[in-house]
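Report on one structure; see the data block that follows.
The values are calculated or read from the model by the stated rules, or taken from the named source; none is laboratory data. All of these numbers come straight from a predicted model, not from anything done at the bench. With ideal geometry, Cβ positions are generated from the backbone for all residues, glycine too; neighbour counts draw on all protein chains shown.
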Amino acid sequence: MRSSHPWPALAYLYLVDAIALVLVVAHWRHYSQFDLITWISALVFAATMAAARVMPIHGVDANHVSYGWYMAVEFAIIASLPVPVTALVHLPALPVEIIHRIRTKQPEPFRGPDYNAAASIICAFIAGNVLELLHGLTGTTPFWSTVNLVPVAFVFMGTQYLMLQTLVCLDRQMPWRMAGLFHTDGIISDMMMTLLGALIGRLYVLDQSTILLTIVPLATLQRTLQRMQQARLAHIDAKTELYNYRYLDQALSDEVRKATQTGRPLTLIFGDMDYLRDINNTYGHLAGDRALATVAAIFRRHGRPGDVAARFGGEEFVLLMPGMEKEQAWEVAERIRNDTASSRLDTDDGGLFSVTISLGVASFPNDASTVQGLIKAADQAVYAAKRGGKNKVCAYPTGVAI
């Protein structure tokens with residue numbers, strides 16, 4: 001998140017903090033009811049959570065995120081500790097994460113950890129109370145104690161996703177439906193981690209010593225995910241969090257080869273934002289960054305599973321659509337153009353500004369027989385749209401709308 005946030009995002013952050021604080025204070029009288037073993041368990045999990053917070057694995061894939069391995073730690077806490085205690089477990093991680101961010105010179109060393117702790121407390125209370133409700137309905141036999149963790153896992157993940165997506169939308173000033181942070185791979189990964197946490201929690205409840213058996217697998221998983229994360233980040237554009245040109249170049253080569261082998265069409269939508277330099281000069285570079293993020297989200301939203309949305313460079317974007325005819329892709333490009341022109345973005349002084357984009361459409365093999373030829377054809381169609389007055393969609397080779 002940026003160092004300067006719009007007021008709705010700040011209000012949301014303060015609201016999350018306030019709710020978490022109320023939940024902790026409201027249950028204060030219950031803490032004396034728990035025995036020494038419960039508090040020792042809480043200390044063990046608190047240390048583990050602190051380690052998870054300073055060694056986070058956030059999977060990033062074309063502006064999609066996944067929470068990574070500390071989802072397992074958080075849900076293990078919910079599965080093995082009473083509801084009020086689960087909230088306190090997250091508090092020791094707060095100063096540890098703040099110190100880590102200060103030492104590593106990360107941006108906003110206080111606000112990020114503050115939100116992480118508050119959101120985790122809220123999610124723990126919600127999931128923990130749902131688990132207690134299910135135990136009241138089904139009983140607490142070993143079978144039902146395990147089965148009930150499955151729906152609670154979905155509640156826990158859903159709450160995490162809902163809160164984060166709301167924050168990102170408020171901070172980036174975009175409609176909730178356009179954020180598109182989470183994708184299938186990330187959701188599956190997070191669900192696996194959450195269910196692993198359920199397993200660790202159940203093992204811990206049955207026999208505390210079995211937690212030692214999970215240390216080596218978790219450490220190995222941490223290293224594996226870290227390497228996967230580094231590999232993914234090499235293909236991500238930092239500003240828009242779409243795929244970068246490096247990834248696009250490889251994807252184009254692969255898809256052209258597949259299209260040659262199968263005879264299926266391959267269509268490329270090429271977009272070039274209009275007047276981005278004027279936006280930067282008039283409203284500032286932060287406004288320009290918001291415009292880039294908004295267009296990136298629109299490209300991402302109009303892509304299908306298997307399509308590749310990428311930032312080609314500067315204010316240029318690409319949507320690679322395997323198996324789609326040019327006529328259908330032109331309709332997609334027109335929807336992208338319309339959504340971009342309809343967007344309204346806030347300036348830093350409370351005003352509004354709009355964004356437009358010119359797009360070109362070209363297909364393989366009808367318009368080009370090579371990767372570079374396909375890019376050139378789509379680029380020429382974009383320039384035809386620019387010459388035609390901008391905020392238009394044109395198709396190669398005629399440079400006119402289909």
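Tallying residues that are more than 30 Å from R387 (Cα to Cα) and not in a helix (DSSP H, G or I) within the stretch 236-276 yields 4. Filtering the stretch 59-70 for residues that are of a type in the set (S, T, N, Q) and at pLDDT 85 or above leaves an empty set. Within the stretch 139-171, the set of residues being of a type in the set (G, A, S) and surrounded by fewer than 13 Cβ atoms within 10 Å (Cβ to Cβ) comprises just one member, G139. Residue count for the stretch 150-175, restricted to those that are at pLDDT below 90 and among the hydroxyl-bearing types (S, T, Y): 2. Only one of the listed residues (F299, F317) is at pLDDT 90 or above, within 18 Å of the chain's Cα centre (by Cα) and buried (at least 24 other Cβ atoms within 10 Å of the Cβ). That residue is F299. Looking only at residues in the stretch 88-106 that are surrounded by fewer than 23 Cβ atoms within 10 Å (Cβ to Cβ) and in contact with a helix residue (DSSP H, G or I) (Cβ under 7 Å, 6 or more places away or on another chain), the one that is nearest to T146 (Cα to Cα) is L88. Residue-level analysis places G186 outside the set of residues that are on the phi > 0 side of the Ramachandran plot and either at pLDDT 70 or above or not charged (D, E, K, R) (or both).
Of the residues N391, N338, N366, which single one is buried (at least 17 other Cβ atoms within 10 Å of the Cβ) and polar (S, T, N, Q)? If you could, list the steps in order and put the result at the bottom.
Numbers: N338 fails: buried (at least 17 other Cβ atoms within 10 Å of the Cβ); N366 fails: buried (at least 17 other Cβ atoms within 10 Å of the Cβ).
Of N391, N338, N366, the one residue that is buried (at least 17 other Cβ atoms within 10 Å of the Cβ) and polar (S, T, N, Q) is N391.
Among the residues of this structure, L199 does not count as one that is surrounded by 14 or more Cβ atoms within 10 Å (Cβ to Cβ), part of a helix (DSSP H, G or I), modelled with pLDDT under 85 and of a type outside the set (S, T, N, Q).
For every residue, the table says whether it meets (1) out of contact with any Ser or Thr (no Cβ under 8 Å at 6 or more places or on another chain); (2) under 29 Å from P397 (Cβ atoms); (3) surrounded by 13 or more Cβ atoms within 10 Å (Cβ to Cβ); (4) not assigned by TED's automatic domain parsing to the domain that holds G373.
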| position | (1), (2), (3), (4) |
| --- | --- |
| A259 | yes, yes, yes, no |
| L266 | no, yes, yes, no |
| I279 | yes, no, yes, no |
| D289 | yes, no, yes, no |
| A309 | yes, yes, yes, no |
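Here S358 does not fit the description of being crowded, with 21+ Cβ neighbours inside 10 Å and in contact with a Pro (Cβ under 7 Å, 6 or more places away or on another chain).
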